[in-house]
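Take a look at the structure set out below.
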Amino acid sequence: MKWHILYRGPLSSCNYDCSYCPFGKTKNTKAELAEDAKKLTRFIHWVKSRKEEIEILFAPWGEALIKGYYQKAMTTLSHFPNVKKVTIQTNLTCNTSWMNQVNKESFSLWTTFHPSQTSLDKFTKKSQQLDALGIRYTVGFVALKEDLKLLEALRAAINPKVYVWANAYKRIKNYYTQKEIKKIVAIDPLFNINNQVYDSLGKSCQAGHTSFSVDGDGNITRCNFIKDYVANIYEDSFAEQLKPRPCSNATCRCYIGYIHLDALKLEESYNGLWERMPRLLQKNI
Ligand code: SF4
Ligand code: SF4
């Protein structure tokens, strides 16, 4: 059995200030950070204690990698034999020297370029540090029409062996012209998978079975989009509640959700689903 776990603790702060984001320039208090660190440590002990193979994606409410305790957590988890992959979403503002200690086979980064918060030049320099360290990573951002030139510039600036993804803007139906889609697909060959809203009601989905979301208290929900309580990882019998079940939402539109829809068979397109590493780039660095 292999589990795909999405962990999101109580941390809710960020050093960036993206206009659309509630965590922009917010700060947690010392006590809140201490609580977050305590919960993260408990989660790490739990992971260590499990017999199952585990792939973990950290999707924090804000930026976690600027905190030393997250850097240590990534390093520790990456060395556990049962942790096959550990990935974290980040704006890549953290220093990178600590990554020299991680297990580079299992550790990777899901980096997002935020053009309103940093320059392409600055971001590229950081990505070159990852290249020099041999860290696997992907890069991307939401492909607004006005940013397509920037997406091309990002592709040109980043190591050609690194996957650059584009998240589709879906709030406006049929937002892109065919010409724009062609342009984006030239950069992200898997864009058409993302540029859809999937009818998911009643469809078979691994979320709640081999994949689940966990909060800082260990509470499980099947995914980030259906908030019904499933069980708690710190209770002995929690695994009995992990079982196949159809989706109860009308649609699924986000990468971290629809990848678990069985009918899509996306493991055929991605080498690591949680990592968002496509098969067409077998070796990313
Ligand atoms: S970097 Fe991410 S978490 Fe931080 S403000 Fe921007 S969108 Fe929000
Ligand atoms: S299809 Fe999406 S919303 Fe439905 S259970 Fe799976 S991940 Fe959750």
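Would you pick out the residues in the stretch 89-115 that are more than 17 Å from Pro60 (Cβ to Cβ) and either within 16 Å of ligand 1 (Cβ to nearest atom) or within 13 Å of the chain's Cα centre (by Cα) (or both)?
Selection gives Phe113, Pro115.
Cβ-Cβ distance below 8 Å, separation of 6 or more or different chains: which pairs start in the stretch 198-226 with a residue that is within 16 Å of ligand 1 (Cβ to nearest atom) and end on one that is not in a loop (DSSP other than H, G, I, E, B)?
Asn224/Leu6; Asn224/Arg8; Asn224/Ser213; Asn224/Ile256; Asn224/Gly257
Determine the pairs where a residue that is at pLDDT 85 or above, located within the stretch 8-24, has a partner that is within 16 Å of ligand 2 (Cβ to nearest atom) and part of a loop (DSSP other than H, G, I, E, B) with Cβ atoms under 7 Å apart, the partner being 6 or more residues away or on another chain.
Final answer for the pair search is Arg8/Ala59.
Matching residues to (1) over 21 Å from Ile56 (Cβ atoms); (2) in contact with a Phe, Trp or Tyr (Cβ under 9 Å, 6 or more places away or on another chain):
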residue	(1), (2)
Gln241	no, no
Ser248	yes, no
Thr251	yes, yes
Cys254	no, yes
Leu261	no, yes
Leu266	no, yes
Asn271	no, no
Leu280	yes, yes
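Quick check on my filter: what residues within the stretch 116-128 are loosely packed, with under 15 Cβ neighbours inside 10 Å, under 21 Å from the mean Cα position of the chain (by Cα) and assigned to a helix (DSSP H, G or I)?
Hit for the stretch 116-128 is Gln128, nothing else.
Among the listed residues Lys48, Lys2, Lys38, Lys30, identify the single one that is surrounded by fewer than 16 Cβ atoms within 10 Å (Cβ to Cβ) and at pLDDT below 95.
Answer to the selection: Lys2.
Residue-wise test of (1) of a type in the set (Gly, Ala, Ser); (2) within 16 Å of ligand 1 (Cβ to nearest atom).
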| position | (1), (2) |
| --- | --- |
| Lys2 | no, no |
| Ser12 | yes, yes |
| Asp17 | no, yes |
| Cys21 | no, yes |
| Lys27 | no, yes |
| Lys30 | no, no |
| Tyr70 | no, yes |
| Ser78 | yes, no |
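For the structure I just gave you, tell me whether Arg279 is of a type in the set (Lys, Arg), out of contact with any strand residue (DSSP E or B) (no Cβ under 6 Å at 6 or more places or on another chain) and away from ligand 1 (no atom under 16 Å from the Cβ).
No.
Would you tally the residues in the stretch 173-214 being touching a helix residue (DSSP H, G or I) at 6+ places or on another chain (Cβ under 9 Å), part of a loop (DSSP other than H, G, I, E, B), closer than 15 Å to Pro244 by Cβ and of a type outside the set (Gly, Ala, Ser)?
Qualifying residue count, the stretch 173-214: 2.
The values are calculated or read from the model by the stated rules, or taken from the named source; none is laboratory data. All values reported here derive from a predicted model rather than from experimental measurement. Every residue, glycine among them, receives a Cβ derived from its backbone with ideal geometry; neighbour counts consider all protein chains shown.
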